[in-house]
Amino acid sequence: MQTDSESTTAVARGAAHLPQVTETRNPGMALDMDWVMRAQANTSAIERRAATLPGRRSVKKDYQAAWLLKTISLIDLTTLAGDDTPGRVRRLCAKARHPVRADLLAAMGIDHLTTGAVCVYHDMVPTAVEALAGSGIPVAAVSTGFPAGLSPFSLRLAEIGESVRAGASEIDIVISRRHVLTGNWQALYDEMQQFRAACGEAHVKAILATGELGSLRNVARASLVCMMAGADFIKTSTGKEGVNATLPVSLVMMRAIRDYHERTGVRVGYKPAGGISKAKDALVYLALMKEELGHRWLQPDLFRFGASSLLGDIERQLEHHVTGAYSAAYRHPLA
């Protein structure tokens with residue numbers, strides 16, 4: 001029979017791998033239109049595969065706690081509201097530094113844990129950079145006319161530069177959906193290349209806004225084009241669309257990442273965003289990522305969740321794991 005000490009140790013082993021490795025930047029490649037146009041998506045098969053995953057993949061007890069701790073290290077803790085204030089962002093950054101109560105971490109044998117990043121609008125980048133100084137937690141800024149991406153192109157490029165100069169080390173850009181909907185892949189490639197260049201040393205996440213792209217085939221092709229143009233991550237959504245991250249879309253994007261890696265040897269990251277608010281849903285995404293791309297993609301430099309309320313539910317689940325009782329949501333404030 002497993003003792004409490006052995007149980008705690010098992011959880012600690014499962015969550016201890018929070019490496020600060022950084023994947024080599026994606027240098028991109030020439031646009032390969034033959035490859036892009038060969039990309040297809042069997043929607044019914046994809047939906048069947050995605051529908052079976054929640055029932056086939058579940059983890060319990062110590063293993064569940066370990067996976068939830070891993071999930072926390074992958075969260076881009078986000079606030080993108082019109083009423084954001086410096087005080088709210090500072091509280092969010094404090095939560096990113098200490099995402100779980102110290103007594104709960106101690107009970108599971110974990111002495112240090114942070115979120116993957118903090119994601120904010122450009123105006124809040126200096127506040128976040130100051131609040132996170134010395135923590136090693138990167139600041140991500142949404143850019144390029146987020147969320148619609150319809151501001152003048154010169155202003156979108158300038159916005160990237162301003163955020164980088166303000167201290168953002170990751171830039172979440174939005175693509176022009178019209179290029180995808182009209183099949184203008186060269187225009188999408190050229191746009192993404194210029195965004196990538198404007199980011200300089202900052203890693204760039206390309207937001208596809210998949211809920212507005214019309215089909216899974218378009219998602220597959222847009223994913224490939226953005227990676228060819230140098231995107232370090234591809235991201236599902238802004239969180240502002242009617243439909244955000246889904247398992248079928250995630251499956252398509254993960255397989256595009258796998259194809260790109262097999263062809264080029266370059267690993268590109270993946271970020272589902274919008275609508276992932278429950279711990280059990282995050283576990284399904286982790287299982288899908290592990291099945292499709294393997295353990296290496298379960299690290300913060302290659303996998304992020306764009307979320308805010310997700311962290312609160314995870315902390316409640318961890319408290320239940322430690323104490324056997326669920327707490328009220330207000331005992332785990334985010335900001």
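The values are calculated or read from the model by the stated rules, or taken from the named source; none is laboratory data. What you are looking at is a predicted structure, and each value in this text was computed from that prediction instead of being measured. Neighbour counts are summed over all protein chains in view; Cβ atoms, including those assigned to glycine, are modelled from backbone coordinates with ideal geometry. Note: areas computed on protein heavy atoms with side chains; ligands, DNA, RNA excluded. Shrake-Rupley method; radii C 1.70, N 1.55, O 1.52, S 1.80 Å.
Would you pick out the residues in segment 290-302 that are among the basic types (Lys, Arg) and either open to solvent by less than 10 Å² (accessible area, probe 1.4 Å) or under 26 Å from Thr79 (Cβ atoms) (or both)? If the condition is that a residue be among the basic types (Lys, Arg) and either open to solvent by less than 10 Å² (accessible area, probe 1.4 Å) or under 26 Å from Thr79 (Cβ atoms) (or both), then no residue fits. You will find that of Cys119, Cys93, the residue that is open to solvent by less than 10 Å² (accessible area, probe 1.4 Å) and touching a Ser or Thr at 6+ places or on another chain (Cβ under 6 Å) is Cys119 and no other. The single residue among Tyr285, Tyr270 that is outside any helix (DSSP H, G or I), out of contact with any Gly (no Cβ under 8 Å at 6 or more places or on another chain), open to solvent by less than 40 Å² (accessible area, probe 1.4 Å) and closer than 26 Å to Asn218 by Cβ turns out to be Tyr270. Thr127 meets all of the listed conditions (1) polar (S, T, N, Q); (2) under 21 Å from the mean Cα position of the chain (by Cα); (3) not in a loop (DSSP other than H, G, I, E, B) but one, namely (2).
Which one is nearest to the chain's Cα centre (by Cα), of the residues in segment 17-49 that are at pLDDT 95 or above, surrounded by 15 or more Cβ atoms within 10 Å (Cβ to Cβ) and within 28 Å of Ser73 (Cα to Cα)? Only one residue fits best here, namely Asn26. Is at least one residue of segment 307-326 part of a loop (DSSP other than H, G, I, E, B) and among the hydrophobic types (A, V, I, L, M, F, W, C)? Yes, there is a match, as at least one residue in segment 307-326 is part of a loop (DSSP other than H, G, I, E, B) and among the hydrophobic types (A, V, I, L, M, F, W, C). Identify all residues within segment 23-78 that are touching a residue at least 12 places away in the same chain (Cβ under 8 Å), outside any loop (DSSP other than H, G, I, E, B) and β-branched (Val, Ile, Thr); write none if there are none. Selection gives Val36, Thr43, Ile46, Thr71, Ile72, Ile75, Thr78.
Among the candidates Thr85, Thr52, Thr114, the residue that is crowded, with 21+ Cβ neighbours inside 10 Å, among the polar types (S, T, N, Q) and over 30 Å from Thr264 (Cβ atoms) is uniquely Thr114. In the condition set (1) open to solvent by 20 Å² or more (accessible area, probe 1.4 Å); (2) farther than 22 Å from Phe303 by Cα, Met108 is compliant with all but (1).
Arg90 passes every criterion in (1) at pLDDT below 95; (2) within 30 Å of Ala158 (Cα to Cα) apart from (1). For segment 104-120, the candidate set comprises residues that are assigned to a helix (DSSP H, G or I) and touching a residue at least 24 places away in the same chain (Cβ under 8 Å); within that set, the residue that is nearest to the chain's Cα centre (by Cα) is Leu104. Considering segment 285-335, the residues that are among the polar types (S, T, N, Q) and in contact (Cβ under 8 Å) with a residue 60 or more places away in the chain include one that is farthest from Trp67 (Cα to Cα), namely Ser308.
Restricting segment 303-334 to residues that are at pLDDT below 90 and buried (at least 17 other Cβ atoms within 10 Å of the Cβ) leaves a set whose member that is nearest to the chain's Cα centre (by Cα) is Ala307.
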